[in-house]
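For reference, the structure discussed in these notes is given below.
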Amino acid sequence: MASGADGVIVAQGGNQNGFALYLRDGNLCIALREKGKPIRLLRDEEPLPRYRPVSVLAELRRDLTLRLHVDGREVARDELEDFIQLRPPEGLSAVSYAPLPLP
């Protein structure tokens, strides 16, 4: 069930190759796709705080680990078998969210 906090934050690529960092049911997620197939999906099990600024970092490291951080805390991690070989031809899309009013 959607909490009203769903949507893409940043994405590059399309239906063949790319990545997306997004909110689903208020939880931060990152998905990777290569050659038309999903290859990874990471999700923070805790919903993001709604009424304060949050620092988010998603990184694909040289050691082939995909990591997701919220406020400096690692919330999800996975290891890739191989580095993504193809760079998506589509551009980078980013969304800016205005702060929500305090309750």
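Need the full-extension length gain, Ala94 to Arg24, defined as separation in residues times 0.36 nm minus the C-alpha distance. One decimal, nm.
Stretched fully, the Ala94-Arg24 segment lengthens by 23.6 nm.
Per residue of the range 43-54, in order, report the coupling 6.51 cos²θ - 1.76 cosθ + 1.60 (Karplus, θ = phi - 60°) as ³J(HN,Hα) in whole Hz, putting x for Gly and Pro.
Values, residue by residue: 9, 6, 6, 9, x, 5, x, 9, 10, 8, x, 10 Hz.
If packing is taken as the average number of other Cβ atoms within 10 Å across a peptide's residues, how do 49-55, 19-25, 61-67, 38-44 rank, most packed first?
Descending mean neighbour count gives 19-25, 38-44, 61-67, 49-55.
Every number in this text was worked out from the coordinates using simple rules, so none of it is lab data. Values in this document were obtained by computation on a predicted structure and should not be read as measured data. Note that each Cβ is placed from the backbone with ideal geometry, even for glycine, and that neighbours are counted across all protein chains shown.
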